[in-house]
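Here's the structure we're looking at; comments come further down.
The values are calculated or read from the model by the stated rules, or taken from the named source; none is laboratory data. Note that the coordinates shown come from a computational prediction; the quantities given were computed from them, not determined experimentally. FYI the Cβ positions are ideal-geometry reconstructions off the backbone, even for glycines, and counts take in every protein chain you see.
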Amino acid sequence: MDIEKFIRKIPKAELHLHIEGSFQPELMFEIAQRNRINIKYKSVEELRKAYQFNCLQDFLDIYYTGAGVLQTEQDFYDLTMAYFCECEKENILFAEIMFDPQTHTKRGIAFATVIQGIQQAREDSKEKLGIDSLLIMSYLRHLSEADAFETLEQSLPYKHLIHSVGLDSSEKGNPPSKFRRVFEASAKEGYKVVAHAGEEGDASYVWEAINELEIARIDHGNNSLKDEKLIAEIIKRDLALTVCPLSNLELQVVKDLTSHPIRTMLQKGLKATVNSDDPAYFGGYLTENFLQIQKALELTKDEIVTLVKNGFQYSFAEDTLKRAYLEKVDDFVENFTE
Ligand code: HPA
Ligand code: ZN
């Protein structure tokens, strides 16, 4: 059984991808040049060398700096289209894309510029590549509640283009409860809600995200494993975890991939999915995440299929689309030959 070929070819969904985290150094330099912005690194190689992170904050500092060269609708289009082109290569049929409007509006870029660029790429990728997607607007948790409310307000003219809201950035010291009211208001506007929780924060952050934000899915969620009651509650509520193996490795959430908890999650009955988080910074897109975690844990073909199917099953795709995707996976598994 050629597991590598199997992983490369199987139809996949991605549920946890920050579009700003898919910004490859080559494109970053190209866009910086056309916008006449100076990057403090002299070359792509020098920039890549700086990608050594001891924790989430190390990464975020460089991630926000990189996103700082994005200025025009075309820039956001190019960034998003580059990700969709990679999806096509990797047989990713469905992608839920997070974007951080505040990273840009804080620099004086209009909300409209950001969303219109991303939206045009979504439409083109659907038409030309057959890839479906939806958008998750993430609030930056290191900023204030008032800031998040302002972002919610700015999003309302584009509500038809945005499916969900999320919560990302520096977790420790910025618990979900800080955003309870803005999540409640977002839900009232019709947005589904998700949140990063339990990546660096302890299990109490996951409890808060569940109880106070009433999230429909947990981004990361690794530290849930430290609390058996919490595990039972997550299973009871049927909440999936969007797990990001290479991100966990690079941000030192896990010591090495052989000690990654994804198999334990499955064994305990948690609905884990595999995702890339910030592929330009963490050493690989979705397929690479699958390949490396398979190798490290010697995941079986059945475990891979479970993880892939969880990705579609726990996506926010409409039911008919979801069923069609799951059938495609079944067909693929049945007919796979080496
Ligand atoms: N965690 C929190 N915030 C983020 C991440 C992450 O992994 N990636 C981009 N913003
Ligand atoms: Zn993330």
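Scanning segment 71-92 for residues that are more than 17 Å from Pro279 (Cβ to Cβ) and not in a helix (DSSP H, G or I) returns Gln71, Thr72.
Tallying residues that are surrounded by 21 or more Cβ atoms within 10 Å (Cβ to Cβ), among the aromatic types (Phe, Trp, Tyr) and over 25 Å from Leu286 (Cα atoms) within segment 93-146 yields 0.
Answer yes if at least one residue in segment 172-180 is closer than 14 Å to Leu140 by Cβ, of a type in the set (Ser, Thr, Tyr) and surrounded by fewer than 24 Cβ atoms within 10 Å (Cβ to Cβ), and no otherwise. So far as segment 172-180 goes, no, none of its residues is closer than 14 Å to Leu140 by Cβ, of a type in the set (Ser, Thr, Tyr) and surrounded by fewer than 24 Cβ atoms within 10 Å (Cβ to Cβ). Among the residues of segment 4-26, those identified as in a helix (DSSP H, G or I) and either within 16 Å of ligand 1 (Cβ to nearest atom) or surrounded by fewer than 20 Cβ atoms within 10 Å (Cβ to Cβ) (or both) are Glu4, Lys5, Phe6, Arg8, Lys9, Ile19, Glu20, Gly21, Ser22, Glu26. Taken over segment 203-230, the criterion of being without any contact (Cβ under 8 Å) to a residue 40 or more places away in the chain, part of a helix (DSSP H, G or I) and away from ligand 2 (no atom under 16 Å from the Cβ) is satisfied by Ala203, Ser204, Trp207, Glu208, Ile210, Asn211, Lys226, Glu228, Lys229, Leu230.
Do we find that Glu233 is farther than 16 Å from Leu266 by Cα, away from ligand 2 (no atom under 16 Å from the Cβ) and either outside any loop (DSSP other than H, G, I, E, B) or at pLDDT below 95 (or both) in this structure? Full working, then the answer.
Details: farther than 16 Å from Leu266 by Cα: no; away from ligand 2 (no atom under 16 Å from the Cβ): yes; either outside any loop (DSSP other than H, G, I, E, B) or at pLDDT below 95 (or both): yes.
So Glu233 does not fit the description; no.
Just checking, does segment 152-165 include any residue being under 14 Å from the mean Cα position of the chain (by Cα), touching a residue at least 60 places away in the same chain (Cβ under 8 Å) and not in a loop (DSSP other than H, G, I, E, B)? Checking segment 152-165: at least one residue is under 14 Å from the mean Cα position of the chain (by Cα), touching a residue at least 60 places away in the same chain (Cβ under 8 Å) and not in a loop (DSSP other than H, G, I, E, B). Of the residues in segment 115-129, none is assigned to a loop (DSSP other than H, G, I, E, B), closer than 26 Å to Gly311 by Cα and without any contact (Cβ under 8 Å) to a residue 40 or more places away in the chain.
Taking Glu200, is it modelled with pLDDT of 95 or more, in contact with an Asp or Glu (Cβ under 7 Å, 6 or more places away or on another chain) and assigned to a loop (DSSP other than H, G, I, E, B)?
Working: modelled with pLDDT of 95 or more: yes; in contact with an Asp or Glu (Cβ under 7 Å, 6 or more places away or on another chain): yes; assigned to a loop (DSSP other than H, G, I, E, B): yes.
Judged against the criteria, Glu200 is a match.
Looking at segment 32-57 only, could you name the residues that are touching a residue at least 40 places away in the same chain (Cβ under 8 Å) and within 21 Å of Gly283 (Cα to Cα)? Full working, then the answer.
Within segment 32-57, the first condition is being touching a residue at least 40 places away in the same chain (Cβ under 8 Å), and the residues that meet it are 35, 51, 53-57.
Within segment 32-57, Tyr51, Phe53, Asn54, Cys55, Leu56, Gln57 qualify.
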